[in-house]
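One structure is given below, encoded as structure tokens.
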Amino acid sequence: MNTPRLLLFSLLAIYTLLLMGIEATTSQDYVRNYFIDIEGPVFFYAINTTLCATLLWLTALLFGVCLQLIDKQQQRQDYLFYWSQLLLFTYLGADDRFAIHEAIGLWIRHNDAYLILGLGLLEIVFLATLGNLSKRPRPVRFYLYSGAILFATMVIIDAKFPSQMFLRLSLEDLSKLWACLCLTLFAWEILRQELNRFKTKV
């Protein structure tokens, strides 16, 4: 079994044992908090968060596929870049789904939007040092820059706009959704590039 698959099965086994342990030591009613379907007062409750988290995790998955197509010795820079993207977008999906940065913001008593901005700056470092953007096809850069602009729009609205401003919530969350879509397409275009390289090798 290869390393990524072994890691996946190991994590799922730990997760399985953990939840079974929680039920064994508490009750079915308590563990139901972890198994319950996402329900709300309207149909499609929390749909935007579901879409954004799905796109972010899909982006991570696409970079994971890229890792399987390259030679980690001959393409060391790409190897490190794809790992950085896999880890970052996996976290971002989890953050969006479980409101991690909001919880941290409450804990440290600062605007949580700046925590996400910090992750954006980290991504800029990855792109500048490992991304090799000058050798990427034009669609890669187009979707990346579009996603960056939309991401910045989301952060600015979250940090600076009045909380009860007309259409503020829609503008913030829909900017995030479009940013997530652009970043998924950014990863997809990189995967296409790696697939084309792979075809020429075989």
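The values are calculated or read from the model by the stated rules, or taken from the named source; none is laboratory data. Keep in mind that this is a model prediction, so the values were computed, not measured. Neighbour counts run over all protein chains shown; Cβ positions are idealised from the backbone, glycine included. Each accessible area value is taken on the protein alone, full model and side chains, heavy atoms only, with ligands, DNA and RNA left out. Shrake-Rupley method; radii C 1.70, N 1.55, O 1.52, S 1.80 Å.
Residues that are of a type in the set (Val, Ile, Thr), over 24 Å from the mean Cα position of the chain (by Cα) and crowded, with 17+ Cβ neighbours inside 10 Å: does the stretch 27-47 have at least one?
yes
Output the residues belonging to the stretch 93-122 that are farther than 16 Å from ALA179 by Cα, hydrophobic (A, V, I, L, M, F, W, C) and touching a Leu at 6+ places or on another chain (Cβ under 8 Å).
ILE104, LEU122
Can we say ALA128 is more than 15 Å from the chain's Cα centre (by Cα) and open to solvent by less than 60 Å² (accessible area, probe 1.4 Å)?
no
Starting from residues that are over 23 Å from LEU51 (Cβ atoms) and of a type in the set (D, E, K, R), keep the ones in the stretch 157-202 and report whichever is surrounded by the most Cβ atoms within 10 Å (Cβ to Cβ).
Within the stretch 157-202, the match that is surrounded by the most Cβ atoms within 10 Å (Cβ to Cβ) is GLU194.
Looking at LEU55, LEU86, LEU61, which one is open to solvent by 50 Å² or more (accessible area, probe 1.4 Å) and assigned to a helix (DSSP H, G or I)?
Testing whether each residue is open to solvent by 50 Å² or more (accessible area, probe 1.4 Å) and assigned to a helix (DSSP H, G or I) leaves just LEU61.
Does TYR34 qualify as being touching a helix residue (DSSP H, G or I) at 6+ places or on another chain (Cβ under 9 Å) and closer than 16 Å to LEU183 by Cα?
It is false that TYR34 is touching a helix residue (DSSP H, G or I) at 6+ places or on another chain (Cβ under 9 Å) and closer than 16 Å to LEU183 by Cα.
Starting from the stretch 36-50, keep only residues that are under 22 Å from LEU171 (Cα atoms), then list their pairs with residues that are open to solvent by 100 Å² or more (accessible area, probe 1.4 Å) and among the aromatic types (Phe, Trp, Tyr) whose Cβ atoms are within a distance under 9 Å, requiring at least 6 positions of separation or different chains.
THR50/PHE44
Give me the residue from the stretch 131-156 that is free of Cβ contacts under 8 Å to residues at least 12 places away in the same chain and within 19 Å of TRP83 (Cβ to Cβ) and, out of that set, least open to solvent (accessible area, probe 1.4 Å).
LEU133
Quick test for you: out of ALA103, ALA113, pick the one residue that is open to solvent by 40 Å² or more (accessible area, probe 1.4 Å) and small (Gly, Ala, Ser).
ALA103
Between a residue in the stretch 1-14 that is touching a residue at least 60 places away in the same chain (Cβ under 8 Å) and any residue that is outside any helix (DSSP H, G or I) and of a type in the set (Lys, Arg), which pairs come within a Cβ distance under 9 Å, given they are 6 or more apart or on different chains?
none
Tell me which of these GLN74 doesn't satisfy, since it passes every other one: (1) free of Cβ contacts under 8 Å to residues at least 12 places away in the same chain; (2) assigned to a helix (DSSP H, G or I).
(2)
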